Amino acid sequence: MRHIYEAILISLSSIKENKLRSFLTLLGIMIGVTTIIFIHSVMKGTEKYIIGQLSSLGSNSLYISKFTWMENDWRKEIKRKPLTEKHADFIRENSELAEYVTPVINSWGNAKYKDNEVRNILVVGSTADYEFTSDATPGTGRFFTYSENDRNSNVAVLGYEVSSILFDEGESVGKNVKINGHKYLVIGVLPKKGEIFGESLDKQIIIPIGSLKKYFWWGKRHGVDIKVTAKDPTMINQTKSELTSLLRTARGLKPGDDNDFSINEIKQILDFLNKVTRTLRLLIIAIGAMSLLVGGIGIMNVMLVTVTQRTREIGTRKAIGATSRLIMFQFTTESMILCMVGGIAGTLAGFTAASLISRFTPLPSAVSLSSVIIGVGFSALVGIIFGYFPAKKAADLNPIEALRYE
């Protein structure tokens, strides 16, 4: 045990005596580990952010559309007939597993109140149930009623940002605003919701679907989207099967015909995200492997030079009783210490770079234990692998020939 302790002390002493050489040696490892940690932390944070954003859309929601969200055949799906409000009504009347069913169409518009104006607002047209399918219960005022929806009344629920700008943080409920030149009565204001994927959820206006169709441009070829909330989140697959059966009936499809609609869910995006992150992880491994390979070769070259320079020292130690195994342990330890110091420094540098990116850009990052293990573990492994050959060369030196070395 004493011999092992002495070997570690000699390794540390050698590193300390050659500060510049040691620093340049571990720099390659540090750069490689910094690259791995930085990319891994940013990717992990981005993945966590996206999952958090998607979870806000609801795990018990299904979105019926003309198009498939992910990996769609656009040329084929664009030829499908558009979905209509009648299809939404048919589902609402016949579904046993759906709690709320709402047709939705979107447009864009400008809102004005006196001298205040907000441009490029998302205008959502839907029914009274949209309050529940999209978490759109107003913070002040109320949502429009079924009768107001049936009459295509000019009533509006404003997003928090729209209300704040138009009314300078003052009371907006009960006031009339002009949306694309048409007068609407403000009946409610949504609470502040923030952003999703960089887009503000507070810059929107919700109006009855018939009113939107009357006054606004909308994609008639696309048709409406239908949002469905399942009664039981654990029965989302059964709900999806029921909706498929009902829509095939409503669309008059025969057995053997392909579906001319798509039922989308958040899980599709998460599955696609998992595929992307798996690919990125392989890319990280490849980049890290190349960086650490370069650093490892540098360490092996330096350690070979060190063995040559310290040939007499090795011969002396062997002559007074040091075994080949102990000599090999000493030089392997020296290589591993250099790599681990480089790995720890690279890990800290990677975290710092990721934190700076997270602070000054919209790109998030997340520090995880797996990142630390990857950084330090890889660097230690490189030290062992690339330190083995120089250590073996030192261990195999003949003590008599080593003592004669000049």
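Does the range 202-300 classify as rounded, prolate or oblate by the C-alpha gyration tensor (a ≥ b ≥ c root eigenvalues; a/c under 1.5 gives rounded; else a/b over b/c gives prolate, otherwise oblate)? Prolate, since a/c reaches 1.5 and a/b exceeds b/c. Enter the Cα centre distance for the pair the range 244-294 and the range 21-43, rounded to the nearest angstrom. Measuring centre to centre over Cα atoms gives 33 Å. Note on surface exposure: Leu83, Leu293, Leu246 rank Leu293, Leu246, Leu83 by accessible area, highest first, 1.4 Å probe. For the listed residue pairs Lys192/Lys240; Lys44/Lys275; Lys86/Lys193; Lys112/Lys213; Lys44/Lys267; Lys66/Lys227, the alpha carbons are over 22 angstrom apart in Lys192/Lys240; Lys86/Lys193. Listed by chain and number, the aspartates and glutamates placed with their C-alpha closer than 17 angstrom to that of Lys183 are Asp115, Glu117, Glu148; residues fewer than eight positions away on the same chain are left out. Solvent exposure of the range 136-245 amounts to 49 Å² per residue of accessible area, where only protein heavy atoms count and the probe is 1.4 Å. Run through the range 148-201 and list the chymotrypsin sites (Phe, Trp or Tyr not before Pro) located in a DSSP loop whose Cβ has at most 13 other Cβ atoms within 10 Å. Passing both the DSSP loop test and the Cβ count: Phe197. With r as the distance between the Cβ atoms of Gln238 and Lys76 and R0 = 35 Å, compute the FRET efficiency 1/(1 + (r/R0)^6) and round to 0.05. FRET efficiency, Lys76 to Gln238: 0.80.
Show me the trypsin sites (Lys or Arg not before Pro) within the range 206-239 that DSSP assigns to loop and that have at most 16 other Cβ atoms within 10 Å of their Cβ.
On the way: sites: Lys213, Lys214, Lys220, Arg221, Lys227, Lys231; in loops: Lys220, Arg221, Lys231.
Sites meeting the loop and neighbour criteria: Lys220, Arg221, Lys231.
Given the Cα-Cα distance of Asp150 and Leu24 and 0.36 nm per residue of separation, how much length would full extension add, in nm? Don't skip to the end; give the middle numbers.
Values: separation 126, 0.36 × 126 = 45.36 nm, distance 7.56 nm.
Taking 0.36 nm per residue and subtracting the Cα distance, the gain is 37.8 nm.
The residue list Trp108, Ser61, Val124 was ranked by how far each Cα lies along the charge dipole of the range 56-182 toward its positive end, using unit charges on Cβ atoms, and Trp108 comes out on top. In order along the range 80-85, the phi-based Karplus estimate (6.51 cos²θ - 1.76 cosθ + 1.60, θ = phi - 60°) of 3J(HN,Hα) comes to 5, 6, x, 7, 10, 5 Hz; Gly and Pro are listed as x.
About its Cα centre, the dipole of the range 62-168 is roughly 580 debye, where the only charges are +1 on Lys and Arg Cβ and -1 on Asp and Glu Cβ. The phi torsions of the range 131-141, fed into the Karplus equation with coefficients 6.51, -1.76 and 1.60 and a -60° offset, translate into couplings of 4, 9, 6, 10, 6, 10, 6, x, x, 10, x Hz, rounded to whole numbers, with Gly and Pro shown as x.
The values are calculated or read from the model by the stated rules, or taken from the named source; none is laboratory data. Since we're looking at a predicted model, the values are computed, not measured. Every residue, glycine as well, gets a Cβ built from its backbone with ideal geometry; the counts of neighbours run over all protein chains shown. Only protein heavy atoms, including side chains, enter the accessible area calculation; ligands, DNA and RNA are left aside. Shrake-Rupley method; radii C 1.70, N 1.55, O 1.52, S 1.80 Å.
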